[in-house]
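A short worksheet on the structure shown next.
The values are calculated or read from the model by the stated rules, or taken from the named source; none is laboratory data. Only a predicted model underlies this, so the values are computations on that prediction, with no experimental measurement involved. Here the Cβ positions follow ideal geometry from the backbone for every residue, glycine too, while neighbour counts run over all protein chains shown. Note: areas computed on protein heavy atoms with side chains; ligands, DNA, RNA excluded. Shrake-Rupley method; radii C 1.70, N 1.55, O 1.52, S 1.80 Å.
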Amino acid sequence: MQAYLAGHEVSRAFQLGWASKKNGELLALAEEAGFEILVTTDQNLLHQQNLRGRNTALFILGRGNWPEIKPHAAQIAAEINAVKQPGVYFFAIEPGKE
């Protein structure tokens, strides 16, 4: 996905030493570090955390593995580029539509 997000500074949780962090802790770390958008495949995050008043936008992908995401990467990047304020954004990938 990184290659499709030219013009953005992209970091992965494992690169930052955050690989073992989950849900609210990961979102809090992203906010503290000044990230504008957190891209995740964890759809449960929406139901497990209070997302009101957050400073970081949450962009949730509907699928979690690259072969399913890759055919949509350019469209996902365009939608990420369109995010201008905190909130929750979804990109749904229907099964069989990869």
In nanometres, what is the gap between the two model label sites at Ala28 and Gln15, each 7 Å from Cα along Cα-to-Cβ? 2.5
Ignoring solvent entirely, what values of log10 I(q)/I(0) come out of the Debye formula for the chain at 0.12, 0.20, 0.25 Å⁻¹ when each Cα is a single scatterer? -0.37, -1.09, -1.61
Per-residue ³J(HN,Hα) for the range 37-47, Karplus 6.51 cos²θ - 1.76 cosθ + 1.60, θ = phi - 60°, Hz, x for Gly and Pro: 9, 10, 9, 9, 10, 7, 5, 6, 3, 4, 8
If the label point sits 7 Å along Cα→Cβ of Gln48, residues of the range 72-93 with amide N under 15 Å come out as none
Would you mind working out the magnitude of the charge dipole of the range 1-75 relative to its Cα centre, with +1 at each Lys and Arg C-beta and -1 at each Asp and Glu C-beta, to the nearest 20 Debye? 180
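Per DSSP helix of 4 or more residues, -39500 (n - 2.57); summed, then divided by the residues of the chain. What does that give at 222 nm, rounded to the nearest 500?
On the way: 4 runs with 28 residues, N = 98.
The helix contribution divided over the chain gives -7000 deg cm²/dmol.
Compute the accessible area per residue over the range 1-95, keeping the other protein chains in place, probe 1.4 Å, unit Å².
Working: 6060 Å² over 95 residues.
Ligands and nucleic acids excluded, the result is 64 Å² per residue.
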Helix 73-82 sits off the longest principal axis of the Cα atoms of the chain, rounded to the nearest 10 on a 0 to 90 degree scale, by 40
Within the chain, what whole-number % of the accessible surface is contributed by carbon and sulfur, with the 1.4 Å probe and all protein chains included in the calculation? 47
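Calculate the FRET efficiency for Ala3 and Tyr89 from the Cβ-Cβ distance with a Förster distance of 25 Å, rounded to the nearest 0.05. Please report the intermediate quantities before stating the final value.
Details: r = 21 Å, r/R0 = 0.82.
So, using R0 = 25 Å, E works out to roughly 0.75.
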